[in-house]
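Asker: Here it is: the structure, laid out below.
The values are calculated or read from the model by the stated rules, or taken from the named source; none is laboratory data. These figures come from a predicted structure and were not determined experimentally. Cβ placement follows ideal geometry from the backbone for every residue including glycine, while neighbour counts extend to all protein chains displayed. Keep in mind that these areas ignore ligands, DNA and RNA; they rest on the heavy atoms of the full protein, side chains included. Shrake-Rupley method; radii C 1.70, N 1.55, O 1.52, S 1.80 Å.
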Amino acid sequence: MIEQSALTQLARIVGKENLLTTPEDLACYGFDATPRLGRWPDAVVKPGGPREVSEILQLANREGFKVVPRGAGNNLSGGSVPIQGGLVVQMNRLNRILEIDTENLTALVEPGVVTSDLHAAVEAIGLFYPPDPGSMTVSTMGGNVAENAGGLRGLKYGVTRDYVMGLEVVLPSGEVINTGGKTVKNVTGYDLTRLMVGSEGTLGIITKILVRLIPKPEAKKTMLVYYRSLSDAAETVSSIIAHRIIPPTLEFLDNVTVRCVEQYIHAGLPLDMEAILLIEVDGPSSVVEEDAEKVVEVCRQHKAAEIQLSRSAEDSLRLAAGRRAALPALARIKPTMVLEDATVPRSQVAAMVRQVQQIADRYGLLIGTFGHAGDGNLHPTIVCDERDRQEMERVEKAVDEIFRAALELGGTLSGEHGIGLSKAPFMTMEMKDAGMKAMVAIKRALDPNNVLNPGKMYLDDYAAGHGARGEVLSAAPHGSVLGSGF
Ligand SMILES: Cc1cc2nc3c(=O)[nH]c(=O)nc-3n(C[C@H](O)[C@H](O)[C@H](O)COP(=O)(O)OP(=O)(O)OC[C@H]3O[C@@H](n4cnc5c(N)ncnc54)[C@H](O)[C@@H]3O)c2cc1C
């Protein structure tokens with residue numbers, strides 16, 4: 001609850017046109033792309049700069065209301081859901097690309113810049129910002145940094161973390177810090193930049209981002225490769241890398257996903273294959289030709305049933321269309337889609353996909369698995385109907401087993417979508433007691449009043465003394481409608 005006097009002060013800070021309080025407006029800020037999680041905020045503000053963000057946070061500490069930063073609200077783990085009510089701080093007014101420095105190869109952007117707008121701006125002058133989440137045409141740079149977003153080019157080029165050189169951050173106290181900078185080397189003090197990347201809006205509100213750029217690759221070649229056997233596809237992935245070729249894109253679609261994609265885009269994909277790989281190689285033209293030939297050879301050695309190779313930029317787009325359509329294709333099947341991103345070492349991709357298939361059979365669910373095979377980051381996607389209680393109970397159990405399987409195979413709960421609310425109850429499975437204590441200590445040191453994005457990543461529950469996962473499940477069930485207002 002935010003008192004009327006505090007709302008008056010918020011209107012003074014951001015201007016009354018940037019303060020939203022009507023039910024129609026609040027309804028839009030109570031959820032994100034995660035199914036079945038929602039709660040209306042008490043108010044929404046759209047600040048115009050770091051000073052306003054700082055004043056908002058100082059007011060929140062004085063008045064005791066909670067603050068949830070928000071970019072495009074596109075995340076898949078409930079990170080921007082204001083689960084304890086309070087104030088949503090919508091960052092999209094701060095949407096300028098402030099500088100592209102062609103000598104130091106950096107770009108300075110505000111957090112509300114849409115990721116693909118940065119791509120377009122730097123590519124127009126022969127430069128390249130590689131992180132490319134599937135949501136890049138809507139997601140913001142602030143949200144990408146706060147989630148440490150990955151993308152289809154992660155295998156060769158890494159994820160958002162690998163490109164963030166410095167940040168301007170408003171701490172929960174309202175103090176503004178600047179981390180990192182344009183120097184290639186910087187070992188001064190703790191690496192606060194890395195601490196903030198992936199902190200999911202729990203440690204500070206990011207108001208400027210300095211990213212590293214690289215020269216744009218000269219050429220690219222795309223291949224679509226069909227496999228009758230899942231194991232052959234998985235072995236191809238490891239074998240390509242063993243041949244010292246690191247493709248930017250090495251994507252996987254299982255048979256369930258291929259069927260849904262074909263129903264959706266009618267691209268002529270074969271329905272009798274266990275797996276399809278989408279592979280792209282890039283770099284100088286001569287190297288690309290050579291690498292493409294080697295990749296084709298490796299695919300043949302691993303019993304590829306068919307290989308389609310791009311001859312032009314349009315061809316590349318056509319071949320990649322099936323992978324790009326995977327999510328919307330699955331989303332059409334049933335009203336609810338639970339999309340996970342359990343991640344395993346590359347060598348365990350086939351084992352993980354098989355376990356997901358067995359889990360799907362055991363619980364009578366339709367699960368399509370696609371994702372970034374090259375970095376072991378799979379997206380088992382359960383298509384279901386949230387109105388069917390019995391089915392949702394089976395979904396809960398299946399998700400639990402998927403996480404356990406990933407951890408048992410040496411993997412992690414999340415490769416790129418973050419923990420937020422939906423994976424919070426599973427945190428101790430991976431972080432263990434000492435890891436959680438260290439995280440809570442950092443959170444308490446920076447945010448003693450717990451004003452910033454509370455309830456996320458299991459920090460509150462853990463600090464409150466819930467040591468075991470089972471105890472917390474009733475407080476924050478995975479994928480359930482939480483709180484009031486919906
Ligand atoms: C169709 C689809 C495809 C996707 N594909 C990918 C993918 O390939 N790879 C991937 O990694 N993710 C993917 N995602 C997930 C999502 O797009 C990313 O998590 C993205 O980074 C979210 O950005 P956003 O601007 O929407 O942030 P939001 O969802 O608004 O916020 C995300 C988190 O960041 C915090 N936050 C936002 N802005 C700030 C700020 N300025 N300062 C501090 N904290 C802030 C929020 O509090 C929240 O915790 C996909 C989502 C969809 C719907």
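Asker: Determine, from the Cβ-Cβ distance of Ala351 and Gln301 and an R0 of 25 Å, the FRET efficiency 1/(1 + (r/R0)^6), rounded to the nearest 0.05.
Answerer: 0.75
Asker: Kindly rank 376-383, 136-143 from highest to lowest mean number of other beta carbons found within 10 Å of each residue.
Answerer: Taking the mean over residues of other Cβ atoms within 10 Å, the ranking is 376-383, 136-143.
Asker: Using packing as a proxy for protection, rank 183-190, 319-326, 10-17 so that the peptide with the highest average count of other Cβ atoms within 10 Å comes first.
Answerer: Numbers: 183-190: 8.5, 319-326: 20.0, 10-17: 15.9.
Top of the packing list down: 319-326, 10-17, 183-190.
Asker: Calculate, for Glu393 and Glu218, the FRET efficiency according to 1/(1 + (r/R0)^6) with r their C-beta to C-beta distance and R0 51 Å; round to the nearest 0.05.
Answerer: 0.45
Asker: Once you put a point 7 Å from the Cα of Ala331 and another 7 Å from the Cα of Ile97, both along the Cβ direction, what distance in nm separates them?
Answerer: Going from the Ala331 label point to the Ile97 one covers 2.6 nm.
Asker: Hey, what do the phi angles of segment 308-316 turn into as Karplus ³J(HN,Hα) couplings, whole Hz, using 6.51/-1.76/1.60 and θ = phi - 60°, x for Gly and Pro?
Answerer: 10, 10, 6, 10, 8, 4, 5, 4, 4
Asker: Each residue of segment 322-330 in turn: what ³J(HN,Hα) in whole Hz from Karplus with 6.51, -1.76, 1.60 and θ = phi - 60°, glycine and Pro shown as x?
Answerer: The phi angles translate into x, 5, 5, 8, 4, 5, x, 5, 5 Hz.
Asker: With a point put 7 Å past each Cα toward its Cβ, work out how far Met429 is from Asp25 in nm, to one decimal.
Answerer: The answer from the label model is 4.0 nm.
Asker: For segment 213-222, what does the Karplus curve 6.51 cos²θ - 1.76 cosθ + 1.60, with θ = phi - 60°, yield as ³J(HN,Hα) per residue in whole Hz, taken in order and with x for Gly and Pro?
Answerer: 10, 10, x, 5, x, 5, 9, 8, 9, 10
Asker: List every residue whose amide H lies under 5 Å from the amide H of Ser139, counting only residues 5 or more places away in sequence or on a different chain, with H placed 1.01 Å from N in the peptide plane.
Answerer: Amide H neighbours of Ser139: Thr115.
Asker: Suppose accessible area is computed on protein heavy atoms with a 1.4 Å probe; arrange His302, His372, His266 from highest to lowest.
Answerer: Result of the area sort, largest leading: His266, His302, His372.
Asker: So if I place +1 on the C-beta of Lys and Arg and -1 on the C-beta of Asp and Glu, and nothing else carries charge, what would the dipole magnitude of the chain be about its Cα centre? I want it in debye, nearest 20.
Answerer: 420
Asker: Would you be so kind as to identify which of Ile246, Gly374, Tyr462 lies farthest towards the positive end of the dipole of the chain, taking Lys and Arg as +1 and Asp and Glu as -1 on Cβ and the Cα centre as origin?
Answerer: Going by the Cα projections, it comes out as Tyr462.
Asker: Could I ask something else about it? Among rounded, prolate and oblate, which fits segment 14-128 when a ≥ b ≥ c are the square roots of the eigenvalues of its C-alpha gyration tensor, a/c under 1.5 means rounded, and a/b larger than b/c means prolate? Could the numbers behind the result be given before it?
Answerer: Working: a/c = 2.59, a/b = 1.69, b/c = 1.54.
Prolate shape, in that a/c is at least 1.5 and a/b is the bigger ratio.
Asker: Still on this structure: Compare the peptides 437-448, 163-174 by average per-residue count of other Cβ atoms within 10 angstrom and give them in order, highest first.
Answerer: Result, highest mean Cβ count within 10 Å first: 163-174, 437-448.
Asker: Further question: What number, rounded to the nearest 500 deg cm²/dmol, is the helix-based mean residue ellipticity at 222 nm of the chain, given -39500 (n - 2.57) per DSSP H run of at least four residues and division by all its residues?
Answerer: -11000 deg cm²/dmol
Asker: Check Thr207: other-chain or 5+ apart residues with amide H under 5 Å from its amide H, H built from backbone geometry?
Answerer: Glu168, Val169, Val170
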